[in-house]
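Have a look at the structure below, then the notes.
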Amino acid sequence: MWLPAYLLPALVLLMGLFQEGQQVLGTVAQPAALPQPTRLSLPAAQALGRAWASSPCQSPVEAQCDFLCNCRDCSDETQCGYRVASPSLGTPFTCDFEQDSCGWQDISTSGYSWVRDRAGAQPEGPVAHADHTRGTDLGWYMAVGTHLGTEASIAALRSPVLREAGPACELRLWYQAASGDVAELQLELTHRAETLTLWRSSGPWRPGWQALAVTTGRIQGDFRVTFSATRNATHRGAVALDDVEFWDCGLPTPQATCPVGHHHCQNAACIESHQLCDREDNCGDGSDEDLLTCSHHTATDFETGLGLWTHSEGPAWNHSTGSPKGSAWPSRDHSRNSAQGSFLVSTAKPGSPAVLLSPQLQASGSHNCSLIFYHYLHGSEDGRLQLLLHTQGPRASQAPVLLRQRQGELGAAWVRDQVDVRSAQPFWPSSVLGTTDFESATAGGWEDASVGRLQWVRLAAQERGGPGRTAAGHFLSVQRAWGQLRAEARALTPVLGPSGPHCELHMAYYFHSRPRGFLALAVVDSGSRELVWQAPGGSSWDWTLDKVLLGAHRRPFQLELVALLDLDGPGQQGAGVDNVTMRNCSPTVTTEKDREVTCNFERDACGWHLSHLTDVHWHRVESHSSGYDHTTGQGFFMLLDPTNPLSRDHHAHLLTEPQVPAALDQCLGFWFLLHGPQIGTLRLAMRRNKEEEVQLWSGSGTHGNRWHQAWATLNHQLEPSTKYQGLRDGYHGIMALDDVTLQPGTCPAPQRCSFEESACSFSSGGQGLWRRQASAWGHAARGPWTDHTTETAQGHYMVVDTSPDVLPRGHMASLTSEEHWALPRPACLTFWYHLSLQSPGTLQVRVEEGGRHQTLSISEHGALAWRLGSMDVHAEQAWRVVFEAVAAGVEHSYIALDDVFLQDGPCPQPGSCDFESGLCGWSHLAWPGLGGYSWDWSSGAAPSPYARPPVDHTLGTEAGHFAFFETGVLGAGGRAAWLRSEPLPATAASCLRFWYLMGFPEHFYKGELHVLLASSRGRLEVWAAGGRLRHQWLEAQVEVASDDEFQVVFEATLGGQPVQGPIALDDIEYLAGQHCQWPAPSPEDTAAHVSVLAAVSGALVFLVLLVLLGLAGRHWLQKSGGWGWPFQRDKDLAAPGFDNILFSADQVTLPAAVTSDP
């Protein structure tokens, strides 16, 4: 803010335009989808002539946590997040919470508090399904769990003591807070007696991890940062925090000499010459801003008024303190970095700019007049700052010259700018703030939004450096800038869209950067950013043509060009963009292709297109080693794999355009695949114009490594659009779609119904006594506390109240399905039912095929658990299933129904399964307390990304099926996956027989398979085995006894370090009321057994005699003073041997000298 002394004092300080209804003071934009920026400065700069302290290093307290590595190993910074052995380019001071909390401490005063956590560690479910660092459920983060208190509470997490933040210091972190979970989030900085609010938000927040970046400004001495979450009685309060990073916070270190063009500070640090007298302490000791250094400059900081600046026209400029007057108001000034400081702010309204005029300045002649100022544009996309130059000619004033223009949202930070003016005539700069309607054709509407050391500039072709330059025209180019914050150059379009599904951006670009840097294009939509294109690394100086599919956007959006280069690096580096055009973007223009809902995806995606609201996307792929299509087994299909590329959002959409229905009812059929231990949910929904979505179908968790058919009836009233939504639970699993068909008429009854999205076309007749409900609704009069599908209070089921005031004794309530197609082969109808403890009556299940009926009657005592019912179905014609509740006239009674499923083949016996048609009655529901993993189902022939046996046991071929679990997804910590039987009745003696296989590559890495009996009394382990043999099916038998109703649980876990390897099960047979029949040994085996015993006995006798003889000889030698013990003298020098390895049945024990560290 300094000018040469021969000019009159002048300063420009300009604020963004604040309007009613502006966005809240929020996150400095840092797109989750963009590549992480490569830092071009050292957070802990290694000085040229600096002598490193020898290790171990005893650094004084005042030098610890100051963002500088005073020790060679940076041990002085380890308590504040530094985890790298030596400083290197681009290494921030980061805490990812993987090892510990990095000195961050919970200072909450109630039970609502912060803990270091990871997904699956809490029994009630994780705050975040995956951490941000690794993107998996194995990573750690800080979290505030749900709190059941009835009073407002604040959970506060405070950093360790930090010291000496530089002027450009930026704090970045990632947080997760679902809207409705927490009332307010806040980030504060405490310095001496003052606490500054760096950021505050009351939401709403998007799902998943969100980035936050704030600047601290220059902080002298010690300070702390506190992240707090506030909840009240109406909020659950769940919040997560991860990857806290400090960037560019270290002050410059002393150096013997400075590079050319740099200033040598009094403390021997080096700074660039343009940082002198800019009202920021860049040296760290204030010597670059002292009166002696800046004696030829003058400044106005607005602490006491406007100085020599005058208000010219429009709404007045107000002298104000930093006390917030609104959500977008600065919380502190720049001069003092304090809420007690002063600055100028405009009260301009749309169409009425505010003008601030400097005094007349003398002609600069052959010298540059440098004008430095700090501006703040936040809270409005329409705010605009213009810096104009008025010159006084010999006779009259000349037209103003535009020197600088900034527009739109630049974040909640003071941004440095500098303008160099050379004029032969007297002049005065003025500033104008207003709004824009983007009518101007300048640069095609692109506006630079950079706040750092790079910017986008409209450049003439002849000004382009490097090879391959042309002689005419203009383009956008990355050039140096005067900003002091983040390094990336950013340029934004005006607000565009909405756009249609075929919208494309065509452009020419060049990009040359080595060894680091990037050039990318992002779509900005409601504050979220999606990376849609990135130039290949390195690239070249030649212009390259490219096109980017932007797709359909139903809301207005902007495009953002982001670039990072090291213009001071080796060689010539540069980036530019030209000839940007948008094609086929009209949302109202449709083609024949848009109406193609029926699709096998062999040619293309037909009328299906992607949503661009997240970074998770469906991809049309060809059959490969880990996935295959349904149409031909070798063709194309739509695949959702969150690991390729790695994504952080949790949902992806596949959409159609609004369709003109060909009939009032249409049947949408499709084939789907849900495979993997942690896959999530696939949903089908329909949306009519300006109406809420109607959920038509859903499937959750793995359905095995096989394609399944499903369908849903579309009841049209207007022109609806249809979408498939994939919701992932983790990173282990794939979703796929193929062979979508749309036909007139209603669909047959579904083969599977969980009642989660709807009643699946079941009809309860005129009385409507059967109801679909969830216990979490709170107003459910009768019913179990949880459903069977999800085993939570949020899950849905069908229930009928059989109390006499609702359904008198002997009366019936019917629940009837839609018509099923004829069955080409016998099938098994399974369902889960729940009877109240007070005997509710009888549940009758009737299959109606023409005039023929099959009936199953269930009348038993109620229980606390869901029970499995099944009946074989033989239907050569169309048929229906009817569930009838016959009341017994008992108060407070009910009958509930869930998970109706029709599968091929006859019904198995309870607790038994050969897995050829599925998992039978065995449940593979993922339990959050165990990590949220599921057993899966596959054959050896079906392509899969997971290791599994090549053949099953039942058929002995690769076409046979089995249940399996890939232990490679488990991390350290003893987590596991359960496969649970249906509830089985109490038994005095029964036999459980099964075949199992374990395939592990190394002897010391093993999986473990346990058999547990789970009942109301707890869990009892009755059998266990460790994995040793590879690809060999082994038989096991277990005697089972229980005084209570129980479940058999197969638990797969690890007995050592994480390693890829499958544990598989096949041919489970539960023989109720029978003892296990152990195979009787043959005469040959008996003889061999006797001979082995005799041999072992003889060997033991011989060994005992040898030991006694040796002890007697040792005693005689010591007594006679002979040679002494021959190896005692040199025993410490002897190399350890392997002669005392002890092999036991399942373990290998090595001697301590071998296993201990050297």
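The values are calculated or read from the model by the stated rules, or taken from the named source; none is laboratory data. Remember, predicted model here, so these are calculated numbers, not experimental data. Cβ atoms come from the backbone with ideal geometry, glycine included; neighbour counts cover every protein chain shown. Calculation scope for accessible area: heavy atoms of the full protein, side chains included, ligands and nucleic acids excluded. Shrake-Rupley method; radii C 1.70, N 1.55, O 1.52, S 1.80 Å.
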| note | Per residue, accessible area of the range 252-291 with a 1.4 Å probe, heavy atoms of protein chains only, in Å², comes to 48
| said: So with the 1.4 Å probe, I'd like the accessible area per residue for the range 933-1071, rounded to whole Å². | reply: 38
| message | Cut-off under 18 Å on the C-alpha distance; same-chain residues fewer than 8 positions from LYS1006 excluded. Which aspartates and glutamates are left, in chain and number order? | response | GLU966, GLU1051, ASP1146
| request: Could you tell me the convex hull volume per residue, in Å³, taken over the Cα atoms of the range 933-1071? | output: 101
| field | Straight-distance crosslink candidates among aspartates and glutamates, where the alpha carbon sits under 12 Å from LYS547 and sequence neighbours closer than 8 are dropped | value | GLU504
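Counting only other residues whose beta carbon sits under 12 Å from that of CYS760, what net charge do I get with K and R as +1, D and E as -1?
For residues surrounding CYS760, the net value is -3.
What Kirkwood hydrodynamic radius do you get for the range 752-904 when you take the inverse of the mean 1/r over all pairs of distinct Cα atoms, in Å? Kindly include the intermediate steps, with their values, before the conclusion.
On the way: mean 1/r = 0.0642 Å⁻¹.
15.6 Å is the Kirkwood radius here.
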| remark: Counting only backbone N atoms under 11 Å from a point 7 Å out along Cα-to-Cβ of ALA1072, the residues of the range 885-924 in range are 909-912
| task | Using only Cα positions of the range 842-898, each an equal point scatterer, no hydration layer, compute I(q)/I(0) via Debye at q = 0.22 Å⁻¹ and quote the log10 values to two decimals. | result | -0.92
| task | Calculate what fraction, in whole %, of the accessible area of the range 105-241 sits on carbon and sulfur atoms when a 1.4 Å probe is rolled over the protein chains. | result | 49
| task | Name the residues whose placed amide hydrogens come within less than 5 Å of the amide hydrogen of ALA989, ignoring near sequence neighbours (fewer than 5 apart) on the same chain. | result | GLY1073
| query | Could you state the per residue volume, in Å³, of the convex hull enclosing the Cα atoms of the range 252-291? | reply | 56
| Gain in span if fully extended, ASP100 to ARG1017, counting 0.36 nm per residue against the direct Cα distance | 326.4 nm
